[in-house]
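Working notes for the structure below.
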Amino acid sequence: MVLSREREVWVLDLPGFGDSDLPEHVKDADTLAPFVAQILKQTFPKTLIDLIGFSFGGMTAGLMAASHPELLATLVLVGVPGLGLMVEKLPLRGMHDTMTDAERRSIHRHNLNAMMLSDTSIVTNEVIDMQIANVARDRMRRRRIAHTDVLSQVQSQWQCPVHGVWGAQDALYKNTLERVPKVLSSLTSFHVVPEAGHWVQFEKPPAFHLAIEKIL
């Protein structure tokens, strides 16, 4: 999640994903959202913020915006799940303990290409290193509501402008991307970045930044 207040940009270490501990009894975005709301209240008292949430973080932000609309001036959802439109299954590969480091890196490369990025040339050794570090810090392994339509069900509770930004080749929304603004009928705007996959802000930074500048 990225938080913007005036010209300041704050990046939230999402509990359970970065260096912050996973709160007790938190299993998914719905039970994580109250903790994010508490963080924002303490960090930005009496100040409305612009909140950008990507993927799982965006789903968490959307749920929080429904239960705590008083916190936000603007919400930007980037490639979020929870719309009931995601593909049933991606061709991801698993790992086992007997694999060598080279075999594990090969699996990470495959999974990044299958889910996150549309341009295979972007998956360098540095990107694989980053992915290995990120996966190791992910403490929320099961996501029970990502494939549901939980966000579309709560959108009537949003009170601030809500915008959507997606990569045109988002693997999670293959053949369903055009339905996003229909399902999220409350969106103020819907931006599609050409030649970008799910990780749109990493794959096409200039185009993504331009879309965000128009929104904010």
Counting just the residues of region 71-80 that are touching a helix residue (DSSP H, G or I) at 6+ places or on another chain (Cβ under 9 Å) and surrounded by fewer than 24 Cβ atoms within 10 Å (Cβ to Cβ), which one comes out farthest from Gly197 (Cα to Cα)? Leu71
When region 190-205 is examined, which residues are found to be more than 15 Å from the chain's Cα centre (by Cα) and either among the acidic types (Asp, Glu) or at positive phi (or both)? Glu195
Is one or more of the residues making up region 149-157 among the polar types (S, T, N, Q), in a helix (DSSP H, G or I), touching a residue at least 40 places away in the same chain (Cβ under 8 Å) and touching a Gly at 6+ places or on another chain (Cβ under 7 Å)? yes
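Let's see how each residue does on (1) in contact with a Cys (Cβ under 9 Å, 6 or more places away or on another chain); (2) touching a residue at least 40 places away in the same chain (Cβ under 8 Å):
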residue	(1), (2)
Leu32	no, yes
Gln38	no, no
Ser55	no, yes
Ala73	yes, yes
Pro81	no, yes
Met86	no, yes
Leu90	no, yes
Thr98	no, no
Residue identified as modelled with pLDDT of 95 or more, over 19 Å from His147 (Cβ atoms) and not in a loop (DSSP other than H, G, I, E, B) among Leu63, Leu77, Leu112: Leu112
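Yes or no, residue by residue, for (1) farther than 30 Å from Pro23 by Cα; (2) modelled with pLDDT under 95; (3) surrounded by fewer than 18 Cβ atoms within 10 Å (Cβ to Cβ):
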position: Asn134; (1), (2), (3): no, yes, yes
position: Gln157; (1), (2), (3): no, no, yes
position: Pro161; (1), (2), (3): no, no, yes
position: Gln169; (1), (2), (3): yes, no, no
position: Arg179; (1), (2), (3): yes, no, yes
position: Ser186; (1), (2), (3): yes, no, yes
position: Pro206; (1), (2), (3): yes, no, yes
position: Leu210; (1), (2), (3): yes, no, yes
Of (1) assigned to a loop (DSSP other than H, G, I, E, B); (2) modelled with pLDDT of 90 or more, Lys89 satisfies every one except (2)
Does region 98-112 contain any residue that is charged (D, E, K, R), closer than 13 Å to His198 by Cα and surrounded by fewer than 18 Cβ atoms within 10 Å (Cβ to Cβ)? no
Take Ser106 and tell me if it is of a type outside the set (Asp, Glu) and touching a helix residue (DSSP H, G or I) at 6+ places or on another chain (Cβ under 6 Å). no
In the set Asn134, Asn125, Asn113, which member is touching a helix residue (DSSP H, G or I) at 6+ places or on another chain (Cβ under 6 Å) and not small (Gly, Ala, Ser)? Asn113
Do you know which residues across region 162-189 are among the charged types (D, E, K, R) and either in a helix (DSSP H, G or I) or within 15 Å of the chain's Cα centre (by Cα) (or both)? Asp170, Glu178, Arg179, Lys182
Considering Phe17, Phe44, Phe54, which residue is crowded, with 17+ Cβ neighbours inside 10 Å and modelled with pLDDT under 95? Phe17
Of everything in region 24-41, what is part of a loop (DSSP other than H, G, I, E, B) and either on the phi > 0 side of the Ramachandran plot or at pLDDT 90 or above (or both)? Give them in sequence order. His25, Val26, Lys27, Asp28
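The values are calculated or read from the model by the stated rules, or taken from the named source; none is laboratory data. For clarity, every value in this text was computed on a predicted model and none was experimentally measured. Please note: Cβ atoms are built from the backbone with ideal geometry, for glycine as well, and neighbour counts cover all protein chains shown.
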